[in-house]
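Below you'll find the structure, written out as structure tokens, and then a few comments.
The values are calculated or read from the model by the stated rules, or taken from the named source; none is laboratory data. What you see is a predicted model; the values in this text were computed from it and never measured. We place every Cβ from the backbone using ideal geometry, glycine too, and count neighbours over all the protein chains shown. Accessible surface is based on the protein model in full, side chains and every heavy atom, while ligands, DNA and RNA are left aside. Shrake-Rupley method; radii C 1.70, N 1.55, O 1.52, S 1.80 Å.
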Amino acid sequence: RLAGRTHSVSTAVAVTDGQRERVELSHSEVTFRAITPDEIAAYWQTGEPADKAGAYAIQGLGALFIADLKGSYSGVMGLPLFEVAKLLALFGCTLLPAGSTGP
């Protein structure tokens, strides 16, 4: 059903410290190219889509079918890293080592 169509992927992430709670939503649009029945069958036979939301893995062989992505690659994978970093920063956590300098 995804073949030749665009679909939406929304992934939410929440952080709490027991007193405060913040939530962020990542929204992406993924466009699949046309896929032949033989390609669908071959992909299914790999076992990759069997345990995936949406029945594809953007980080695996499913990427072969994706013609366009607007939004967050990591959000489509299932953990929107930009939003996670944003929330952790609000709670005083940094992901880069102290003393890191930019380019």
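Before moving on, here are some points about what is shown:
- Expressed as a whole percent, the accessible area of the chain that falls on carbon and sulfur atoms is 59 (1.4 Å probe).
- Candidate values (i) -0.33, -0.40, -1.07; (ii) -0.39, -0.45, -0.92; (iii) -0.46, -0.53, -0.98, label of the one derived for log10 I(q)/I(0) by the Debye sum over Cα atoms at q = 0.11, 0.12, 0.20 Å⁻¹: (iii)
- The mean sequence separation of alpha-carbon pairs under 8 Å and at least six residues apart, normalised by the residue count of the chain, gives a relative contact order of 30 percent.
- Cα centroid separation, the stretch 1-18 to the stretch 27-103 (Å): 10 Å
- Shape call, the stretch 49-98: gyration tensor on alpha carbons, a/c limit 1.5: prolate
- Per residue accessible area of the chain, 1.4 Å probe, in Å²: 68 Å²
- Summed residue charge, Cβ within 13 Å of GLN45's Cβ, Lys/Arg positive, Asp/Glu negative: -3
- Calculated [θ] (222 nm, deg cm²/dmol) that DSSP helices of n ≥ 4 give over the chain, each run adding -39,500 (n - 2.57): -6000 deg cm²/dmol
- Highest-first arrangement of 20-26, 77-83, where packing means the average Cβ count within 10 Å: 77-83, 20-26
- Relative to the longest principal axis of the Cα atoms of the chain, helix 81-90 runs at roughly 20 degrees.
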